[in-house]
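Presented below is the structure to which this report refers.
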Amino acid sequence: MSEEQKVERKLFDEVMVPCYAPMQMIPDRGKGARIWDQEDREYIDFAGGIAVSCLGHCHPVMVDALKNQAEKLWHLSNVMTNAPALRLAKKLTEVSFAEKVFFANSGAEANEAALKLARRWAVDVHGPEKSEIIAFTQGFHGRTFFTVTVGGQAAYSDGFGPKPGDVTHLPYNDIDALKARCLTAPVR
Ligand SMILES: Cc1ncc(COP(=O)(O)O)c(C=O)c1O
């Protein structure tokens, strides 16, 4: 990496909103499970996509697929669908329990959708009063207002005015509290 291309970690503190606290080391390239920083120091990347997209770095099959698609069709809005998305959705329905697929851009959106789906199902099937979400404290499910609210950490969810309602928090990992809450929850 040339000296002109390098950036210093302090630039993050200068120009980025501080909702994350990344490591001092700045990765420059990767291969498989390894990454190299700007000084060419080698690391094993145990973080991956925080256990979500742990596909390793620069696998040739993935690089080819990305390059081919990038040279063919770039971003589309939701007013059009496309063959790769539909083929992937079909595959997912074939190998999982699901009949339908919702593609999201982030974990927060996926979890937000899951929470909305759970509520919509309960409201449609049992009635409008069935909106309670039972969650644990010390969670993290994403940075949307609903997901930080369900996450139950004041540092992420407080200070933005009224939160989405009807979310009950129990102590983290307290299964007895969960059982008690489910057994004593008022029948609505
Ligand atoms: C456990 C967990 N859930 C959800 C999320 C949110 O995912 P994203 O950052 O893709 O919105 C994260 C992100 O760090 C996470 O660690």
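Some notes on this structure:
- DSSP beta bridges fully contained in the chain are about 65 percent antiparallel.
- When peptides 77-87, 50-60 are ranked by their average number of other Cβ atoms within 10 Å per residue, the highest-first order is 50-60, 77-87.
- Protection proxy ranking of 104-113, 33-42 - average other beta-carbon atoms within 10 Å, highest first: 104-113, 33-42
- Applying a threshold of 32 Å to the alpha-carbon distances of Lys91/Lys179; Lys100/Lys130; Lys6/Lys163; Lys72/Lys163; Lys67/Lys100; Lys90/Lys179 flags Lys91/Lys179; Lys6/Lys163; Lys72/Lys163; Lys90/Lys179 as lying beyond it.
- Relative counts (whole %) of C-alpha pair distances in region 1-58, using bins that are 5 Å wide: 4, 17, 23, 22, 21, 12, 1
- Taking 1.306 mPa s as the viscosity and 10 °C as the temperature, the Stokes-Einstein diffusion coefficient of the chain based on its alpha-carbon Kirkwood radius rounds to 76 µm²/s.
- Stokes-Einstein diffusion for region 107-184 at 20 °C, viscosity 1.002 mPa s, with a Kirkwood radius from C-alpha pairs, works out to 163 µm²/s.
Where a number appears in this text, it was derived from the coordinates with a stated rule and is not lab data. Bear in mind the structure is a predicted one, so any value in this text is a computation, not a measurement. We place every Cβ from the backbone using ideal geometry, glycine too, and count neighbours over all the protein chains shown.
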